[in-house]
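Structure first, commentary second.
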Amino acid sequence: MSQVQQITVLGATGSIGLSTLDVIARHPQRYRVFALSGFSRLAELEALCMIYRPRFAVAQNAQAARQLQGGLHAAGLTTQVLFGEQGLCEVAAHPEVDTVMAAIVGAAGLKPTLAAVEAGKKVLLANKEALVMSGALFIQAVRSSGAVLLPIDSEHNAIFQCLPGDYARGLASVGVRRIMLTASGGPFRQTPLEQLAEVTPEQACAHPNWSMGRKISVDSASMMNKGLELIEACWLFDAQPEQVEVVIHPQSVIHSLVDYVDGSVLAQLGNPDMRTPISHALAWPQRIDSGVAPLDLFVVARLDFEAPDEQRFPCLRLARQAAEVSGTAPAMLNAANEVAVAAFLERRIRFPEIASIIDAVLNAEAAVAVECLDTVLAADHRARALAEQWLSRRE
Ligand code: NDP
Ligand code: MG
């Protein structure tokens, strides 16, 4: 591609956002930052604007936008500062944008990511919660707008790399038997079960292999992250839940595998660094330098595998159930999990109660078929309210 690609980075102040900017900075002849968004970290957003000099920045609210606009103006920048969900949707769908990195965490990313999809952009999807919530609506929007959807989640990016180019014909017709999603097992893989009630947010966020935002770190510790990824894989690759197997692989070197009917199993390997899938998706179908060190198999030395223990990781079972029920169940699962994780990070609940809240919410209300975005948003709001009720009863 000869033309410089204009990129919007939604969630620029986060872990994926910063890794994306690191890759972009390595290739100034290929990529230009068109817009950056942040939320609570306004000073960091301002510092990023100083470096990348985007056309637009998006802040949390009007007051933050005024403050940022003042700072950027004083520094001689012409960056225009927008705010809120409307600002995010505007920079995601702007006609001059080629590619959108969707790296906002949680349900807050749904509308801006959908705006990028509906505008037919090349969408690099890190914000798995958006796809988990809206499922069929999201995929239909990709099809009807002609957007190019590329997975950033390392597992899904690995699977994408291991599938043939025409996999959209259907997994069975390209000879795929099953997808194997690898999981590190997180920081509590070997913690005695009776100690899980005592683990702290700091311990949950200290992932053995990956450095990530706090919400996904807790999701990795509970394996809800793998549950969300199972649902994500079903939508991305048009798979049934039973075609997706979860394999614990503590070294996080194999990022996932595809098992074919002839007995061939293809895997993608690499050091655990998100700049690999980010570079892959940014440059696809080409390859570019990501700054990631080459894999040294002699240092890795061994690759281990084990089956996930459902007693230790009940969130995985809950997510599989939600995938099977489908309809609004994944949106409810996701919303209950977001409330529960926030409560755990605020030390309002113990770690095992994350699963208890989600279980209670899923049992409190039956899922319904998804007809439109309002159905999804209503399920999200209702599940949040039920989770909050659970929390206030507990307190
Ligand atoms: P971080 O918490 O590091 O970053 C989240 C970003 O979203 C920040 O820029 C944050 O702004 C912004 N944000 C938070 N809340 C809102 C909101 N309500 N409205 C608008 N913006 C908001 O998360 P990660 O980068 O780790 O993860 C981002 C997404 O990527 C998640 O969906 C995660 O599951 C997925 N992902 C992450 C991986 C990783 O290695 N980190 C791997 C695979 C997927 P601010 O910081 O200024 O508040
Ligand atoms: Mg992942």
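Looking at the chain only, what percent of DSSP beta bridges run antiparallel? Nearest 5 please.
Numbers: 10 of 39 bridges.
For the chain, the DSSP antiparallel bridge percentage is about 25.
Sort largest first and round to whole Å: the equivalent ellipsoid semi-axes of the range 5-151, each the square root of five times a Cα gyration tensor eigenvalue. Walk me through the numbers on the way to the answer.
On the way: eigenvalues 118, 51, 33 Å².
Three semi-axes, in Å: 24, 16, 13.
Our Cα-only numbers for the range 327-395 put the radius of gyration and Dmax at 11.7, 37 Å. Using θ = phi - 60° in the Karplus curve 6.51 cos²θ - 1.76 cosθ + 1.60, the 3J(HN,Hα) couplings for the range 187-202 round to x, 10, 4, 10, 5, x, 3, 5, 8, 4, 5, 9, 5, 9, x, 5 Hz; x is entered for Gly and Pro.
Taking the square roots of 5 times each eigenvalue of the Cα gyration tensor of the range 154-316, largest first, gives ellipsoid semi-axes of 27, 20, 15 Å. Return one whole number: the accessible area per residue of the chain in Å², for a 1.4 Å probe. Averaged over the residues of the chain, the accessible area is 42 Å².
Output the peptides 168-175, 128-135 sorted from most to least packed, where packing is the average of other Cβ atoms within 10 Å over each peptide's residues. Working shown, then result.
On the way: 168-175: 13.1, 128-135: 27.8.
The most tightly packed comes first, giving 128-135, 168-175.
In Å³ and rounded to a whole number, note down the convex hull volume per residue for the Cα atoms of the range 184-258. Numbers along the way, then the final one.
Details: hull volume 7.5 nm³, N = 75.
Residue-normalised Cα hull volume stands at 100 Å³.
Computed per residue of the chain from DSSP H runs no shorter than four, each worth -39500 (n - 2.57), the mean residue ellipticity at 222 nm is -14500 deg cm²/dmol.
Of the accessible area of the chain, computed with a 1.4 Å probe over protein heavy atoms only, carbon and sulfur atoms account for 52 percent. For the chain, the alpha carbon positions stretch 57, 54, 44 Å along the principal axes, listed from largest to smallest.
The residues GLU85, GLU198, sorted by heavy-atom accessible surface at 1.4 Å with ligands and nucleic acids left out, run GLU198, GLU85 from largest to smallest. The accessible area of PHE83, taken with all protein chains in place and a 1.4 Å probe, comes to roughly 100 Å².
Hey, any idea what Rg/Rh is for the range 69-145, computing Rh the Kirkwood way over Cα pairs? Provide the component values of the computation, followed by the final result.
Working: Rg = 13.9 Å, Rh = 13.2 Å.
Ratio of gyration radius to Kirkwood radius for the range 69-145: 1.05.
By the rule of a C-alpha distance below 20 Å, with chain neighbours fewer than 8 residues away ignored, the lysines paired with LYS215 are LYS111, LYS128, LYS226.
The values are calculated or read from the model by the stated rules, or taken from the named source; none is laboratory data. The structure displayed is predicted, hence computed values, not measured ones. We place every Cβ from the backbone using ideal geometry, glycine too, and count neighbours over all the protein chains shown. Keep in mind that these areas ignore ligands, DNA and RNA; they rest on the heavy atoms of the full protein, side chains included. Shrake-Rupley method; radii C 1.70, N 1.55, O 1.52, S 1.80 Å.
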